[in-house]
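**Q** This is the structure, below, for whatever I ask next.
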Amino acid sequence: MQLGAAENGAFASEAPACRCFLSSIYSIRCVVTLMFKLLIIEDDYALFQEVKERLTGWSYEVHGIRDFRMVLQEFTALKPDLVMIDIQLPYFDGFHWCRLIRSHSSVPIIFLSSRDHPTDMVMSMQLGADDYIQKPFHFDVLIAKIQAVLRRVYQYNTEQIELRSWCGAMIDYKKNTVTKGSHTITLTKNEMFILVRLLEQKNRIVPRETLIESLWEDSRFISDNTLTVNVNRLRKRLDELDLGRYIETKVGQGYMAMEDEAFRHD
């Protein structure tokens, strides 16, 4: 069903591209045991109510914004497990609030926007968003992306060993931090996920397609540029620790995390 389209409040017909998701999505539904708390920063009240009703049916606790001048305060008070945010909002745009939220928290963020210019997606990823969904969107795609982000962020973190060393730095999976000497940086969930996937195949090329499928589960709804933006952002953060140079781009193939010979012990 399509949301975000102005068709007298009615849903558009289901897109053929989404039908293949239905069996896998519905099988996921039966294993949702946690009541995840979602915050939707959306000024289109009709759309918000429609999305809220659908997500509540999937056992999510859904909240909206009361005062669009106080988004950060409401976010801080609510402490949601995931944030969905529109770009065009009253007073300040979604980029502004994403930047502020990301400066306080590593909570996963998904942009929902009718704007389709590539620079909007690039900007959202540069600010630390985990995904970008263009309006009008199909609810099956929305729920699949929400499920994927929540599994990646919360299930994945419980399965990992807590610490790992790399090139003289200590990586803390639980805190999403990388420490070298006295300097510590905090990565977003996507940045840490990419780094861990590369380190699992250290000194070997990890294909772009593998990273995309691991991060977003279905590459048909992801621009190839999205991965590039995420990797470039990770590399830029690692540059603060003089580690960015160890993430190599293999043109036409993928990426590789190199190990400095001075620190090799395996």
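The values are calculated or read from the model by the stated rules, or taken from the named source; none is laboratory data. Not measured: the values here are computed from a predicted model. In this analysis, Cβ positions are derived from the backbone assuming ideal geometry, glycine residues included, and neighbour counts consider all displayed protein chains.
**Q** Filter region 209-245 down to the residues that are in a loop (DSSP other than H, G, I, E, B), modelled with pLDDT under 80 and among the hydrophobic types (A, V, I, L, M, F, W, C) and list them by number.
**A** Ile222
**Q** Among the residues in region 145-157, are any of a type in the set (Ser, Thr, Tyr) and touching a Lys or Arg at 6+ places or on another chain (Cβ under 8 Å)?
**A** Of the residues in region 145-157, the ones of a type in the set (Ser, Thr, Tyr) are 154, 156.
Cutting the leftovers down to touching a Lys or Arg at 6+ places or on another chain (Cβ under 8 Å) gives us none.
No, there is no match, as no residue in region 145-157 is of a type in the set (Ser, Thr, Tyr) and touching a Lys or Arg at 6+ places or on another chain (Cβ under 8 Å).
**Q** Quick one: is Phe36 surrounded by fewer than 16 Cβ atoms within 10 Å (Cβ to Cβ), farther than 26 Å from Arg237 by Cα and touching a Phe, Trp or Tyr at 6+ places or on another chain (Cβ under 6 Å)? It would help to see each step written out before you state the result.
**A** Working: surrounded by fewer than 16 Cβ atoms within 10 Å (Cβ to Cβ): no; farther than 26 Å from Arg237 by Cα: yes; touching a Phe, Trp or Tyr at 6+ places or on another chain (Cβ under 6 Å): yes.
So Phe36 does not fit the description; no.
**Q** In region 106-121, how many are polar (S, T, N, Q) and either crowded, with 17+ Cβ neighbours inside 10 Å or modelled with pLDDT of 95 or more (or both)?
**A** 2
**Q** A follow-up question, please. For Trp97, only one of the following conditions fails: (1) surrounded by fewer than 20 Cβ atoms within 10 Å (Cβ to Cβ); (2) over 21 Å from Trp216 (Cβ atoms); (3) within 17 Å of the chain's Cα centre (by Cα). What is its number?
**A** Condition (1) is where Trp97 drops out.
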